[in-house]
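Reviewing the structure listed below.
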Amino acid sequence: MTQALKKISYGFYIVSSKNNEDIAAATVSWVSQVSFDPPLVMAAIKNDGELVNVIAESGVLAINVIGKAEKPLIPEFSKDTEVEGNKINGSLFEEGVTGAPLLTRLPAFVEGKVVEAINKGDHTIFIAEVVNSGVRNPDAEPLMEWETEYHYGG
């Protein structure tokens, strides 16, 4: 079973959120669009990290797409979130329309308002309606899991 699950293709993203008190961001692989009308996305977030609680409390999230050039950010966002001024784990961010942090060096982002949360297994699946999106670098190619030494499935 593990080998078959590892054959499912994934990209890399930094999912971020902000509630009244905290900002949290983490490297995430399990992200997908799930509906055209209305536009919905989903992100599966580990239950043992700070991000799951911040998203649950705020009801918003941002999916920041990691491009091939930004591969070094994967380990930077695989640890606790550190916020200093307008930087998260050393990366500049700006506030999106939902209040969720948007990492300015990444090629694209999608912001959403959570419409459903499903807590099963060791992750919570957040389904969010897209309310804002943008592309900062249309020529950037998204980083895919098989192009790295990082493997999260299986």
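Numbers below:
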read-out: Isotropically averaged projected area of the chain, using the convex hull of Cα atoms (one quarter of hull area), nm²; value: 8.9 nm²
read-out: Qualifying GluC sites (Glu not before Pro) for region 58-106 [loop in DSSP, other Cβ within 10 Å: at most 12]; value: 82
read-out: Residue of 142, 38, 101 that the Gaussian network model of the chain assigns the largest fluctuation, springs spanning Cα pairs under 10 Å; value: 38
read-out: Solvent exposure of region 53-122 as accessible area per residue, Å², 1.4 Å probe; value: 50 Å²
read-out: Only Lys, Arg (+1) and Asp, Glu (-1) charged, at Cβ; region 8-115 dipole about Cα centre in debye; value: 400 debye
read-out: Relative pair counts by distance (%), Cα atoms of region 55-125, 10 Å bins; value: 18, 45, 33, 4
read-out: Label-to-label distance, nm, for residues given as residue 83 and residue 5 (7 Å Cα→Cβ offset); value: 3.3 nm
read-out: Share of carbon and sulfur in the accessible heavy-atom surface of the chain [1.4 Å probe, %]; value: 50 percent
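The values are calculated or read from the model by the stated rules, or taken from the named source; none is laboratory data. What you see is a predicted model, and the numbers here were worked out from it, not measured in a lab. Cβ: placed from backbone, ideal geometry, glycine included. Neighbour counts: every protein chain shown. Side chains are part of the model used for accessible areas, which takes the heavy atoms of the whole protein and leaves out ligands, DNA and RNA. Shrake-Rupley method; radii C 1.70, N 1.55, O 1.52, S 1.80 Å.
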